[in-house]
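What follows is one structure encoded as structure tokens, with my remarks underneath.
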Amino acid sequence: MIIEEEKAYLKHVLEQIKKEIEKSENVLNELSKRGTSLSFEDRKRGDHFNINAQATNAYDRIETLIRSIPVPYFGRIDFSQSPSSPGQKIYIGRAGISSDYESLVTDWRAPISSLYYDSEIGPVSYDSPSGIVNGFLNLKRQINIKDSNLIDAQDTSLVTNDELLKPYLSLSADNKMKTIIASIQKEQNYIIRRPITSNIVVQGVAGSGKTSVALHRIAYLIYALKDSIKSTEFIVIGPNNYFLSYISSILPELETSPVDQKTYLDFLNEELNDKLTLVEDDPEISKEQAKICAFKTSLKYKEALDKFILNYLENDIVREGIFFDNEEVFAKEQILKLLFNGVSKYPNFDKACKYIVKKYKDNMRDIYEKLNKKYHKIYINLPMNDPKRNEAIAKSEELNDFIKNKGVKYIKDYFKKLNVRILDLYKVFVSNITLYVDDVDINISLFQKNTLSLLQKKKINFDDMAALMHLNFKLHGQKKSYRHIVVDEAQDYGMFHFSVLKEMFPTSTYSIYGDLAQSVCPYRSIKDWQLLKVLFNDNFEYINISKSYRTTTQITNNANHLLNYLNLPSAQAVVREGNDVLFTPKSKENNYKFQKIKNYLEQGYQTVAIICKTESEAKKIYNYLKEQDLAVTHITFKDHQYNGGVCVLTASLAKGLEFDTVIINDASLQIYDVNNDVDMHLLYVACTRALHELEVLYDKQLCPVFKQSEEDINIRKLTK
């Protein structure tokens, strides 16, 4: 009965979609004819702009309707004002679809759609623009459609039932992240529908859907605030460019215009108008260097930089006025006042330069006469043949030529020298760090040597980015403003990174997503999200998501051993059974890895990753697999595009990605030290990337953090 009813409605919807496409195509044809017949007077009135706008709307509608054909909707709710009335049948899909006389599909972002994600059968309420709407949910139905064909339909009370999630969680991973609109969970929906005025910090275990939620929230906010906000007022700051490539399809699939998506480095280079290169983090960093990194990302480092900036602005930005022929033409005090326009925090070099140049041009004759007095006095009082007289005349003529032909360039060059490059200014700060900080437990000479040697090559560590951004902001302000800022994989940021974003965009609201367990550089990263209260003046909401939707129960349970070792809460697994995690003592046998990959591909898996600890380890594996004529990609720190398939990469680069199967190249005790926080965080990231299959290779002795997991598996095998 259910299937027949839903087949009939699907047929009706598809027929109506085709009719609506035809209507919109006819509108486009009519608009095209009108556009070609417009007179000059029509164009003067701006009629062509109106036609173009209508044509764009018609074209967008056609695109939306065409994209809806394979899966026009995924769920249905029956909502009524009273339990006795049949109420309204509401089908929920990616985009709203309507014909002339009926609403066919309701957008998943519409207020009433929240009932599908949040509510059980019975009395319900939801927020609408006009206030709370009360009523009764008489039916909730999950509908599975593929390629315009009804696959299944079943009634449920909650979308959060693990059985109902299985069809969505068992899908293969590919080179792009997928939307989750058909399987959004109650706790995810709560985050997505938080108002834009809320600052939220989301701590979510690996596989909890943080990135998906972040992007779906943007799509929701743009939909909900369509009359007052544009997509250009959002920005997503991600960990690297291939991660941004991986998530790039989500917003277009959600019928939302793309938003700015940048790495912190992209953001920095744009602000500095420079091209700095980021140095990859070293997973085997020394304790001394780790202390330096922690210092650079701390608020103590910001305080030292602020002292330097204050000293620079007060004493060094203008050391002297503009001198012609050893005489002051424009005083230091005048230039300082112009730079800061009396009240501005930031020096405006261009404005000050233009003002001085204009004043100079307007008063060139007076300036010449004032500076020429000393020469005029000499040659007017000496005999015609006196050498000193001739020398004074020559200098007077030279001065005249300079003022007429070279003075403007001299002034512009003066301001260019004042406007020191931020990178050069940062070098000065690093070279003189001891003047601005005391009582700091780092090796100062190592700090200066390593930092300056990289800066000379226009290279920086991740730890330097906040300082450079802060320095640039203090001297120049920011170029662009945003209404809402999303920071993903935020667990790798130090307090200084968050602080500089907040000072640059104080009126923006923020969505911050991360997992402290996946902090691959814990020595420099934020240790507790509650520390951000200082920056947000307590105006932020902390939300914890503990359920992992990515991995099988077996993979989640294995990863939980690592979380327990790190003294972090365990993840809650969705009930999706899979194969046991394999622990295989064959890390040195490359042929074994090659055969395993072939087996996985033959089983139909689309994405297979070999995850290594170091880049050198990854390169060796990649070279071997390449020699076997295997289509394999080596994902490196410099890559901008994620293409799926078989790949080799380091654990630190695997953050945010997911694969059908994962092989951890070598989890031996000698590779991953249980007493090293960095190693344990890297291993946790590696162990949580697989959707379906995980194999852990090792040589001689397995890292003991897995001991309990391996014993559990062996016990299960014995009892079968």
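Looking only at residues in the stretch 453-483 that are in contact with a Lys or Arg (Cβ under 9 Å, 6 or more places away or on another chain), not small (Gly, Ala, Ser) and not in a loop (DSSP other than H, G, I, E, B), which one is surrounded by the fewest Cβ atoms within 10 Å (Cβ to Cβ)?
Gln456
With the requirement that a residue be hydrophobic (A, V, I, L, M, F, W, C) and either free of Cβ contacts under 8 Å to residues at least 60 places away in the same chain or loosely packed, with under 14 Cβ neighbours inside 10 Å (or both), what does the stretch 525-565 give you?
Ile526, Leu531, Val534, Leu535
Sort through Thr719, Thr636, Thr614, Thr661 and tell me the only one that's modelled with pLDDT of 95 or more and among the polar types (S, T, N, Q).
The unique qualifying residue is Thr661.
Of the residues Lys300, Lys262, which single one is among the basic types (Lys, Arg) and farther than 25 Å from Asn432 by Cβ?
Checking each option against the conditions leaves just Lys262.
Could you grab me the full set of residues in the stretch 688-700 that are within 11 Å of Asn558 (Cβ to Cβ) and either of a type in the set (Phe, Trp, Tyr) or out of contact with any Phe, Trp or Tyr (no Cβ under 9 Å at 6 or more places or on another chain) (or both)?
Scanning the stretch 688-700 gives Thr688, Leu694.
Could you check the stretch 108-137 and list, in sequence order, the residues that are open to solvent by 10 Å² or more (accessible area, probe 1.4 Å), in a strand (DSSP E or B) and out of contact with any Pro (no Cβ under 7 Å at 6 or more places or on another chain)?
Listed by number, the residues that qualify are Gly122, Pro123, Val124, Ser125, Gly131, Ile132, Val133, Asn134.
Mind telling me which of the residues Ser198, Ser170, Ser208, Ser245 ends up being within 18 Å of Gln572 (Cα to Cα), out of contact with any Cys (no Cβ under 8 Å at 6 or more places or on another chain), at pLDDT below 95 and open to solvent by less than 40 Å² (accessible area, probe 1.4 Å)?
Criteria check complete, one pass: Ser208.
Kindly provide the set of residues from the stretch 381-394 that are out of contact with any Lys or Arg (no Cβ under 9 Å at 6 or more places or on another chain) and either farther than 24 Å from Val329 by Cα or at pLDDT 85 or above (or both), ordered by number.
Once the filter is applied, which keeps residues that are out of contact with any Lys or Arg (no Cβ under 9 Å at 6 or more places or on another chain) and either farther than 24 Å from Val329 by Cα or at pLDDT 85 or above (or both), the stretch 381-394 yields Met384, Asn385, Asp386, Pro387, Lys388, Arg389, Asn390, Glu391, Ala394.
Please determine whether any residue of the stretch 436-443 is assigned to a helix (DSSP H, G or I) and either open to solvent by 30 Å² or more (accessible area, probe 1.4 Å) or in contact (Cβ under 8 Å) with a residue 12 or more places away in the chain (or both). If you could, list the steps in order and put the result at the bottom.
Of all residues in the stretch 436-443, those assigned to a helix (DSSP H, G or I) come to none.
No: zero hits.
Within the stretch 289-408, considering only helices (runs of 4 or more DSSP H) that don't extend past its boundaries, which have at least 3 residues that are open to solvent by 50 Å² or more (accessible area, probe 1.4 Å) and either basic (Lys, Arg) or more than 30 Å from Ala466 (Cβ to Cβ) (or both)?
Working: elements: 299-311, 332-340, 349-362, 364-381, 387-405.
It comes to 332-340, 349-362, 364-381, 387-405.
Just give me the residues in the stretch 94-107 being open to solvent by less than 30 Å² (accessible area, probe 1.4 Å) and in contact with a Leu (Cβ under 9 Å, 6 or more places away or on another chain), in sequence order.
Selection gives Ala95, Ile97.
Restricting the stretch 550-584 to residues that are in a loop (DSSP other than H, G, I, E, B), out of contact with any helix residue (DSSP H, G or I) (no Cβ under 6 Å at 6 or more places or on another chain) and hydroxyl-bearing (Ser, Thr, Tyr), which is nearest to Ile180 (Cα to Cα)?
Thr551
Here is a yes/no grid of residues against (1) surrounded by 20 or more Cβ atoms within 10 Å (Cβ to Cβ); (2) of a type outside the set (Phe, Trp, Tyr); (3) in contact (Cβ under 8 Å) with a residue 24 or more places away in the chain:
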site	(1), (2), (3)
Lys613	yes, yes, yes
Glu627	no, yes, no
Leu630	no, yes, yes
Lys638	no, yes, no
Val646	yes, yes, yes
Lys655	yes, yes, yes
Phe659	yes, no, yes
Asn676	no, yes, no
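The values are calculated or read from the model by the stated rules, or taken from the named source; none is laboratory data. All of these numbers come straight from a predicted model, not from anything done at the bench. Using ideal geometry, Cβ is built from the backbone for each residue, glycine included, and neighbour counts are taken over all protein chains shown. Just the protein is used for accessible areas: all its heavy atoms, side chains included, with ligands, DNA and RNA removed. Shrake-Rupley method; radii C 1.70, N 1.55, O 1.52, S 1.80 Å.
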